[in-house]
Amino acid sequence: MGRKTEITNLLANLPRLGAGLAYREPFRDELLQKQSEVDFVEIIGDHYLDAPPERMDELVLLGEHFTLIPHFTNLSLGSAEEIDPVYVEKITSLIKRLSPPWWSEHIGYTRAGGMTLGHPAPLPFTKESVDVMTRNIVTVRRAIATPLILENICSPLLWPGAELAEPAFISEVLTSGGCGLLLDVTNLLTHATNLGGSPEDFLAELPLDRVVQVHFSGGHETNGRLVESHAQPVSEAVWKLLDAVVARAPVRCICLERDDNFPPLPEVLWQVERARAIGRQHRRWN
Amino acid sequence: MELALQQKLVARLATDREFREKFFADPAGVAASEGLTVAAESFAQIHPEQVRQLARVLRRRRLAVVGIHLPLTRKALGERFADLFRNYAVSPPPGKQPFEDALGFAAFLEQHAAEKGLDPQWAPSIARYEAAELEATWLRRRLLVRCFPHAIKQLAALLTAGEVPPGSYQRSTTAVWWRTAASSRLKHWLG
Ligand SMILES: [Fe+2]
């Protein structure tokens, strides 16, 4: 299958969702009352694995009000050791239960030598890492037919011995795994800036025709470094980058992430509305 | 499987402070002792500041997740929550699930309070209360009973509403969590 056909197939049936929010517990009650202002909700899938019944009630309630997109962290697709078959089984059953239009993970690893990091660590940008990611993606896709999209991470560490530039590495992984891109524009801005590069240059090298979903969030600066804390209002630099991405990529949805320092919900929803307007302006949805 | 060993090494460098310092005293030597062969030399070039930054990034994410699991404790301790977390998170997160890190930190706070004291005095009780709730919820306890020397109900209400005015808040409290079956909803009584 040619690259163009493969991407067309991947994106052909994915719905245009609009602008939504990553679900966090402090928003729960208010969010249910503001259903019309949120086009979809992203949930952290890991929070509902092995979850007690009262926790699953929350998921049922959210599912009654919103399209849910599960986002996972601990599958560890970049792990050179075997991916955990028990974890795969658990996420398979959660995804089946939610039947979302797609689901997401990261380009990185969270498990190694018995440790679970809880947040993705970077991979060396080598052919071997591409092969590892591909092998694990193939394993997972055998169990889960729902399209998989992968998120770019933000990391201050560059492994020694890179054989590829990072955007080329991301591109190779997505192509060989047949995955869409979850482009986190705040990660991109933070990552490229902290490494002394230009976010626009990085963006120009990415396979933008694979972007299905966009993450954006606020951060702050400390000791001359950007931090993607997900705890501040979205900066103008992020809005600008978001606009540039939505203008060029076939984005199906834009998702705001807010993890800390929670403001009243209307302040968050105002940012969701601004993102929705950007999508509308670039004719990604009505 | 050299890459698996390299990933393990990077994971340890990013989460284990003692190991990190030992590594940077002799990168090639430690890399070799961890089983790395072809990459031992190239790992000697890994940038210490980049590794420390990665450790900071991972610790901040752990802190955010633990804060979500212990919201009242976090409010009770204010900025010291993050300071104390920094002292706790010098080794890899225990377990595979997010709540396990919160349980680990709550246990650390209790030990810290016993050895060095913690202000306000009722803060360790709040941490222990939230840890018990996590245990009852995630470990699906059928019955869990805990006693506290402080007025948990009143403190929880004050913390949720905003500030807790100065005071001792000493009062013995019993908390009970139960499920009629492992598959039934958790019930809670606080007296
Ligand atoms: Fe993200």
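The values are calculated or read from the model by the stated rules, or taken from the named source; none is laboratory data. Please read all numbers here as calculations on a predicted model, not as lab measurements. Cβ atoms come from the backbone with ideal geometry, glycine included; neighbour counts cover every protein chain shown.
List of remarks:
- Among the residues making up region A:228-286, a single one is touching a Pro at 6+ places or on another chain (Cβ under 7 Å) and surrounded by fewer than 20 Cβ atoms within 10 Å (Cβ to Cβ): A:Phe262.
- Qualifying residue in region A:122-140 (condition: within 14 Å of chain B (Cβ to nearest Cβ), within 16 Å of the ligand (Cβ to nearest atom), among the small types (Gly, Ala, Ser) and touching a residue at least 24 places away in the same chain (Cβ under 8 Å)): no
- Scanning region A:35-53 for residues that are of a type in the set (A, V, I, L, M, F, W, C) and within 16 Å of the ligand (Cβ to nearest atom), we see that the one that is farthest from the other protein chains (Cβ to nearest Cβ) is A:Phe40.
- Unmet requirement for A:Ala231, which otherwise passes all of (1) in contact with a Gly (Cβ under 9 Å, 6 or more places away or on another chain); (2) more than 13 Å from the ligand (Cβ to nearest atom); (3) over 20 Å from A:Ser129 (Cα atoms); (4) in a helix (DSSP H, G or I): (4)
- Number of the exception - A:Ile149 against (1) within 14 Å of chain B (Cβ to nearest Cβ); (2) touching a strand residue (DSSP E or B) at 6+ places or on another chain (Cβ under 8 Å); (3) β-branched (Val, Ile, Thr): (1)
- Counted residues, region B:12-25 - those being outside any helix (DSSP H, G or I) and out of contact with any Ser or Thr (no Cβ under 9 Å at 6 or more places or on another chain): 0
- Number of residues in region A:1-46 that are free of Cβ contacts under 8 Å to residues at least 12 places away in the same chain and surrounded by 19 or more Cβ atoms within 10 Å (Cβ to Cβ) equals 0.
- Condition met for A:Leu59 (within 18 Å of B:Lys8 (Cα to Cα) and among the aliphatic types (A, V, I, L, M)): no
- Region A:18-34, residues that are within 16 Å of the ligand (Cβ to nearest atom), away from chain B (no Cβ under 14 Å) and not small (Gly, Ala, Ser): A:Leu21
- The one condition in (1) away from chain B (no Cβ under 14 Å); (2) not in a loop (DSSP other than H, G, I, E, B) that A:Thr186 fails to fulfil: (1)
- Hits in region B:148-163 (condition: over 22 Å from the mean Cα position of the chain (by Cα) and surrounded by fewer than 19 Cβ atoms within 10 Å (Cβ to Cβ)): B:Pro149, B:Lys153, B:Gln154, B:Ala157, B:Leu158, B:Ala161, B:Gly162, B:Glu163
- Subset of region B:21-36 (residues that are more than 11 Å from chain A (Cβ to nearest Cβ) and surrounded by fewer than 19 Cβ atoms within 10 Å (Cβ to Cβ)): B:Glu21, B:Lys22, B:Phe24, B:Ala25, B:Asp26, B:Ala28, B:Gly29, B:Ala32, B:Ser33
Table: residues versus (1) farther than 30 Å from A:Thr110 by Cα; (2) in contact with a Leu (Cβ under 6 Å, 6 or more places away or on another chain); (3) modelled with pLDDT of 95 or more.
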| residue | (1), (2), (3) |
| --- | --- |
| B:Arg80 | no, no, yes |
| B:Gly95 | no, no, no |
| B:Pro98 | no, no, no |
| B:Phe108 | no, no, yes |
| B:Gly117 | yes, no, no |
| B:His150 | yes, no, yes |
| B:Lys187 | yes, no, yes |
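- Looking at A:Arg280, A:Arg248, A:Arg284, just one residue is farther than 13 Å from A:Ala22 by Cα, modelled with pLDDT of 95 or more, out of contact with any helix residue (DSSP H, G or I) (no Cβ under 7 Å at 6 or more places or on another chain) and among the charged types (D, E, K, R), and that residue is A:Arg280.
- A:Arg283 fulfils the conditions (1) more than 16 Å from the ligand (Cβ to nearest atom); (2) part of a loop (DSSP other than H, G, I, E, B); (3) touching a residue at least 12 places away in the same chain (Cβ under 8 Å) except for a single criterion, (3).
- Scoring A:Pro250 on the criteria (1) more than 16 Å from the ligand (Cβ to nearest atom); (2) part of a helix (DSSP H, G or I); (3) within 23 Å of A:Leu181 (Cα to Cα); (4) touching a residue at least 24 places away in the same chain (Cβ under 8 Å) leaves a single failure, condition (2).
- If you go through region A:150-194 and keep only what is small (Gly, Ala, Ser) and either within 16 Å of the ligand (Cβ to nearest atom) or over 18 Å from A:Leu11 (Cα atoms) (or both), you end up with A:Ser155, A:Gly161, A:Ala162, A:Ala165, A:Ala168, A:Gly180, A:Ala192.
- In region A:206-226, residue nearest to the other protein chains (Cβ to nearest Cβ) [restricted to those that are crowded, with 19+ Cβ neighbours inside 10 Å and of a type in the set (A, V, I, L, M)]: A:Leu226
- Qualifying residue in region A:215-226 (condition: part of a loop (DSSP other than H, G, I, E, B), farther than 15 Å from A:Ile170 by Cβ and more than 15 Å from the ligand (Cβ to nearest atom)): yes
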